[in-house]
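The values are calculated or read from the model by the stated rules, or taken from the named source; none is laboratory data. This is a predicted model, so every value here is computed, not measured. Here the Cβ positions follow ideal geometry from the backbone for every residue, glycine too, while neighbour counts run over all protein chains shown. Just so you know, the surface numbers come from the protein's heavy atoms only, side chains and all, with ligands and any DNA or RNA stripped out. Shrake-Rupley method; radii C 1.70, N 1.55, O 1.52, S 1.80 Å.
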Amino acid sequence: MNTPSERGVEQRLADHAYRIRRLALRMGEVQGQGYVGQALGYADVLAVAYCHALRFKPDDVEWAGRDRFLLSHGHYAIAFYAALIEAGIIPEDELDTYGSDDSRLPMSGMASYTPGMEISGGSLGHGLAIAVGMALGLRLKANPAFVYNSMSDGELDEGSTWEAAMGAAHHGLGNLICLVDINNQQADGPSSKVMGFEPLADKWGSFGWHVQRADGNDLPAVLAAFDTARALPAEKPRVILFDTLMGKGVPFLERREKNHFIRVDPDEWQQAIDILDQNQGAAR
Amino acid sequence: MSTTTATKPRLTTSAMIASIAAEGQRVTAAPFGKALVALAEARPEIVGLTADLSKYTDLHLFAQAYPERFFQMGMAEQLLMAAAGGMAKEGFMPFATTYAVFGTRRAYDFIHQVIAEENLNVKLCCALPGLTTGYGPSHQAAEDLALMRAIPNMTVVDPCDALDIEQAVPQIAAHDGPVYMRLLRGNVPLLLDEYDYKFELGKAKLLRDGKDALLISSGILTMRALEVATALAADQVDVAVLHVPTIKPLDTATILAEASRSGRLVVVAENHTAIGGLGEAVATALLTSGIAPRFRQIALPDAYMDAGALPTLHDRYGISTEAIGKTLKGWLR
């Protein structure tokens, strides 16, 4: 049973996750599009990452001691910007520029555009291999920071992901944590139909990683997985496989025909935000 | 009575790493590895990474000298390039080595998106450039310069000999940004010490002057060009040789100045396919400047080349000293 302080942490994180979802929907409304299905599904993971697990300084994104968070799946930028706003790194009013010319918030994440964006993702399957280099570099500098690589389940198809998985285990990178969003949705359909990847925990385990699988929309489970990954003493890389539901928190989007790029009609953005607000009010 | 045994003639070798040095030619062993070891003493940020080819890129010398700064990435070139980028992001200066085919072809997107897009300080040093192995297309990097030239932010270097490599290593390290350097490894010919020459990143250098033809060349084809010029001098043909070890950025000022001197045939000779290498770079520079001399290209064909002994292949594809001399004489006739 949770202690009052644990319940306090979970409530705080639930508030952050609610606001990340809300911010992502507002950005989606600006352009009338965006990967909001993924943003809603991954908001709980991002809330725990940016409002609990990561060490960083909002006003000094280059701080040498920061934990590095690599957004390998660059198309999750809309979710990530929402997390950066929630983390105090980007001002909230900037979300009105999302996806516009000369904005710091392009539709696919790029390092040179956005404060706090460590890499240019988007060419999928790059993040984990970059993370291996950064983790080696941090270890060589005796810098205790963690490298988090955040990736989609579609990136499991890329051979480079498994080159990096082998490399990370070979070099005993205990400062590397990989987060995989398993929403079972790729451009051409369900991941299990496009390129089956199960049994996934066994795969990572056999590659020499410490593996956890958790419901990525169960905040206490997400929280526990992050804490376990960080506290593990073994000099081996660790992965958390998060099963998530696209559209989470907005029932009509949860039920919508499943697509990589979820359809949202013009009048539905405000409806979705209203539903989030109502549920948040009821939960408090 | 003496008996003689009919012996079969010894066949020429198509060995992968046959030296490009001619018999009796002066050589320096492992100039890249030695230069890197020397430089790394004063530059603690230098690290070495390879994809299972340290011995074949002379990086093993660095690994022996600085084992804690050497990282074996396995036979995984995508990881090699991305991890080198990651280390550069953490303030290190990675020298990443493999064969040119695997580096440029297999890991292209990782060089393009991870390293060059962020202008990261990674030095790619790739062996077996152009046609320097008889192993066939799997190992012949005929198009590496074209691929690397096409990437924004990338500096591209094609050294001729051991002296070029020795002097290029500290200079590519001093340059802030990604560099692709074609690597000659093992026993590397040494010849440029006979000329009043120093490698300068971004500069073309006239190694010898001549009034009949201007040979513009890079890499080992500069060695060939100098041999051709010497051979043709005996026939009263006067050939100038302009060495262009930096392919990008191109020293257009020097090239235009030399090419606009009246009357000379201008020939670009390169150990690379005719598509997208030094020849096309020079042609573009000339035409866009309104300079149109008689222009010819000596380059590898737009074809999958044969396996075989290097001398055989260099003859077959027109980049041996004899073949270049014959071609050039035909054009000058």
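Among (1) within 13 Å of chain B (Cβ to nearest Cβ); (2) open to solvent by less than 20 Å² (accessible area, probe 1.4 Å); (3) in contact with a strand residue (DSSP E or B) (Cβ under 9 Å, 6 or more places away or on another chain), there is one condition A:Ala225 misses while meeting the rest; what is its number?
Tallying (1) within 13 Å of chain B (Cβ to nearest Cβ); (2) open to solvent by less than 20 Å² (accessible area, probe 1.4 Å); (3) in contact with a strand residue (DSSP E or B) (Cβ under 9 Å, 6 or more places away or on another chain), A:Ala225 fails exactly one: (1).
Scan segment B:111-148 residue by residue and report those that are open to solvent by 10 Å² or more (accessible area, probe 1.4 Å) and within 14 Å of chain A (Cβ to nearest Cβ).
Selection gives B:His112, B:Gln113, B:Glu117, B:Glu118, B:Asn119, B:Leu120, B:Asn121.
Take the residues in segment A:19-67 that are among the polar types (S, T, N, Q) and open to solvent by 10 Å² or more (accessible area, probe 1.4 Å); name whichever of them is farthest from A:Ala224 (Cα to Cα).
Kept after step one, since they are among the polar types (S, T, N, Q), are these residues of segment A:19-67: A:31, A:33, A:38.
Now narrow it down to the ones that are open to solvent by 10 Å² or more (accessible area, probe 1.4 Å): A:31, A:33.
Values: A:Gln31: 36, A:Gln33: 33 Å.
Checked segment A:19-67; the qualifying residue farthest from A:Ala224 (Cα to Cα) is A:Gln31.
Within the set of pairs 6 or more residues apart or between chains, which connect a residue that is within 10 Å of chain A (Cβ to nearest Cβ) inside segment B:89-101 to a residue that is assigned to a loop (DSSP other than H, G, I, E, B) and open to solvent by 10 Å² or more (accessible area, probe 1.4 Å) with Cβ atoms less than 7 Å apart?
Qualifying pairs under 7 Å: B:Lys89/B:Leu120; B:Glu90/A:Lys141; B:Gly91/B:Glu45; B:Phe92/B:Glu45.
Count, please, the residues in segment B:239-251 that happen to be open to solvent by 10 Å² or more (accessible area, probe 1.4 Å) and either more than 19 Å from the chain's Cα centre (by Cα) or among the hydrophobic types (A, V, I, L, M, F, W, C) (or both).
Here the count works out to 1.
Please go through segment B:292-320 and give me each residue that is open to solvent by 60 Å² or more (accessible area, probe 1.4 Å) and assigned to a helix (DSSP H, G or I), ordered by number.
B:Pro311, B:Asp315, B:Arg316, listed by residue number.
I'd like the full set of residues that are surrounded by fewer than 24 Cβ atoms within 10 Å (Cβ to Cβ) and not aliphatic (A, V, I, L, M), limited to segment A:121-136.
A:Gly122, A:Ser123
Somewhere in segment B:42-49, is a residue within 23 Å of the chain's Cα centre (by Cα), free of Cβ contacts under 8 Å to residues at least 24 places away in the same chain and open to solvent by 30 Å² or more (accessible area, probe 1.4 Å)?
no
Among (1) touching a helix residue (DSSP H, G or I) at 6+ places or on another chain (Cβ under 8 Å); (2) surrounded by fewer than 18 Cβ atoms within 10 Å (Cβ to Cβ); (3) not hydroxyl-bearing (Ser, Thr, Tyr), which single condition is A:Lys141 missing?
Result: A:Lys141 passes all but (1).
Out of all the residues in segment B:29-72, which are of a type outside the set (S, T, N, Q), touching a Lys or Arg at 6+ places or on another chain (Cβ under 6 Å) and away from chain A (no Cβ under 14 Å)?
Selection gives B:Asp58 alone.
Go through A:Lys236, A:Lys193 for me and flag whichever is within 18 Å of A:Arg68 (Cα to Cα) and of a type outside the set (A, V, I, L, M, F, W, C).
Exactly one of A:Lys236, A:Lys193 is within 18 Å of A:Arg68 (Cα to Cα) and of a type outside the set (A, V, I, L, M, F, W, C), namely A:Lys236.
Please state which of the following conditions A:Leu245 fails to meet, knowing it meets all the rest: (1) open to solvent by 80 Å² or more (accessible area, probe 1.4 Å); (2) among the hydrophobic types (A, V, I, L, M, F, W, C); (3) in contact with a Gly (Cβ under 9 Å, 6 or more places away or on another chain).
Result: A:Leu245 fails condition (1) only.
A:Leu84 - would you say it is away from chain B (no Cβ under 14 Å) and either of a type in the set (S, T, N, Q) or in contact with a Lys or Arg (Cβ under 9 Å, 6 or more places away or on another chain) (or both)?
Against the criterion (away from chain B (no Cβ under 14 Å) and either of a type in the set (S, T, N, Q) or in contact with a Lys or Arg (Cβ under 9 Å, 6 or more places away or on another chain) (or both)), A:Leu84 does not qualify.
Does segment A:243-254 contain at least one residue that is part of a strand (DSSP E or B) and either of a type in the set (Asp, Glu) or at pLDDT 95 or above (or both)? Walk me through it before giving the result.
So in segment A:243-254, the residues part of a strand (DSSP E or B) come out as A:243.
So of that shortlist, the ones also either of a type in the set (Asp, Glu) or at pLDDT 95 or above (or both) come out as A:243.
Yes, segment A:243-254 contains a residue that is part of a strand (DSSP E or B) and either of a type in the set (Asp, Glu) or at pLDDT 95 or above (or both).
What's the number of the condition B:Ile151 fails, among (1) open to solvent by 10 Å² or more (accessible area, probe 1.4 Å); (2) more than 8 Å from every other protein chain (Cβ to nearest Cβ)?
(1)
If a residue must be farther than 18 Å from A:Ala87 by Cβ, in contact (Cβ under 8 Å) with a residue 12 or more places away in the chain and away from chain B (no Cβ under 11 Å), how many such residues does segment A:113-153 contain?
Count: 4.
For (1) buried (at least 24 other Cβ atoms within 10 Å of the Cβ); (2) over 16 Å from B:Phe110 (Cα atoms); (3) of a type in the set (Gly, Ala, Ser); (4) at the interface with another protein chain (Cβ under 8 Å from one of its Cβ atoms), each residue gets a yes or a no:
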site: A:Ala111; (1), (2), (3), (4): no, no, yes, yes
site: A:Ser160; (1), (2), (3), (4): yes, no, yes, yes
site: A:His170; (1), (2), (3), (4): no, yes, no, yes
site: A:Gly174; (1), (2), (3), (4): no, yes, yes, no
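Within segment A:189-206, is even one residue within 14 Å of chain B (Cβ to nearest Cβ), modelled with pLDDT of 95 or more and either farther than 19 Å from A:Leu54 by Cβ or open to solvent by less than 20 Å² (accessible area, probe 1.4 Å) (or both)?
Going residue by residue through segment A:189-206, those that are within 14 Å of chain B (Cβ to nearest Cβ) are none.
Within segment A:189-206, not a single residue is within 14 Å of chain B (Cβ to nearest Cβ), modelled with pLDDT of 95 or more and either farther than 19 Å from A:Leu54 by Cβ or open to solvent by less than 20 Å² (accessible area, probe 1.4 Å) (or both).
Would you mind finding the one in B:Ser217, B:Ser289, B:Ser262 that is farther than 17 Å from B:Met148 by Cβ, among the hydroxyl-bearing types (Ser, Thr, Tyr) and open to solvent by less than 30 Å² (accessible area, probe 1.4 Å)?
B:Ser217
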